[in-house]
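Some notes on the structure that comes next.
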């Protein structure tokens, strides 16, 4: 009986140690922001009530084979249905984040493109729920892609973005913030 217990402990330790020794993926793809906590309130500065600038975002541990990143920010609580606040794509694989206050033209020299939001504008459109509508969720979905470009022009709409992503998402990291007016 004692030998069975020892064998079980050894096997459990090997299950942890072997992947680490062989470069196994023990950390998962993740995204965070120094500007708000996951599931926490998004500060006013990032909304239509403030300066309407994008928050800083940082990510780590993309999966092997990642060649670029794409992100969409959505409000699923909008009265007209899910509302798109930001689409950004063709983000180079060597980037590990997006700076605070990113403008629509930022990153274009490196091939970064931004899509058209439901505000009918290109670039970040911050939280701006109807007054008295309660707390809205803003979901930042960062996708690690197996291609270096989606092949879309700057200003692509959501439907084109979704179609271009099809079959190319290796993994997704999500952070969610909330805002209420």
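The values are calculated or read from the model by the stated rules, or taken from the named source; none is laboratory data. Source: prediction; values computed, not measured. Every residue, glycine among them, receives a Cβ derived from its backbone with ideal geometry; neighbour counts consider all protein chains shown.
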Study note, to complete from the structure: From the option list 155, 151, single residue qualifying as touching a residue at least 40 places away in the same chain (Cβ under 8 Å), part of a loop (DSSP other than H, G, I, E, B) and more than 28 Å from residue 181 (Cα to Cα) is 155
Review point. Among the listed residues 99, 103, 143, 113, which satisfies the condition of being farther than 24 Å from residue 61 by Cβ and either touching a helix residue (DSSP H, G or I) at 6+ places or on another chain (Cβ under 9 Å) or surrounded by fewer than 16 Cβ atoms within 10 Å (Cβ to Cβ) (or both)?
Key: 103
**Study point:** Residue ID - farthest from residue 132 (Cα to Cα), chosen from residues in the range 98-122 that are modelled with pLDDT under 95 and assigned to a loop (DSSP other than H, G, I, E, B)
**Key:** 107
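Across the range 166-181, what is the number of residues that are outside any strand (DSSP E or B) and within 17 Å of residue 117 (Cβ to Cβ)?
0
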Practice item. With a cut-off of at least 1 residues that are free of Cβ contacts under 8 Å to residues at least 24 places away in the same chain, name the strands (runs of 3 or more DSSP E) lying wholly within the range 34-97. Key: 83-92
Practice item. Kindly indicate whether any position in the range 59-81 is under 14 Å from the mean Cα position of the chain (by Cα), more than 19 Å from residue 175 (Cα to Cα), exposed (fewer than 15 other Cβ atoms within 10 Å of the Cβ) and modelled with pLDDT of 95 or more. Key: no
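Does residue 151 satisfy the criteria of being surrounded by fewer than 13 Cβ atoms within 10 Å (Cβ to Cβ), farther than 18 Å from residue 58 by Cα and touching a helix residue (DSSP H, G or I) at 6+ places or on another chain (Cβ under 8 Å)?
Yes.
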**Study point:** Residue among 126, 132 that alone is modelled with pLDDT of 95 or more and either part of a loop (DSSP other than H, G, I, E, B) or touching a strand residue (DSSP E or B) at 6+ places or on another chain (Cβ under 9 Å) (or both)
**Key:** 126
Exercise for review: Read through the list (1) within 18 Å of the chain's Cα centre (by Cα); (2) part of a loop (DSSP other than H, G, I, E, B); (3) surrounded by fewer than 14 Cβ atoms within 10 Å (Cβ to Cβ), then give the number of the only condition that residue 163 fails.
Suggested key: (2)
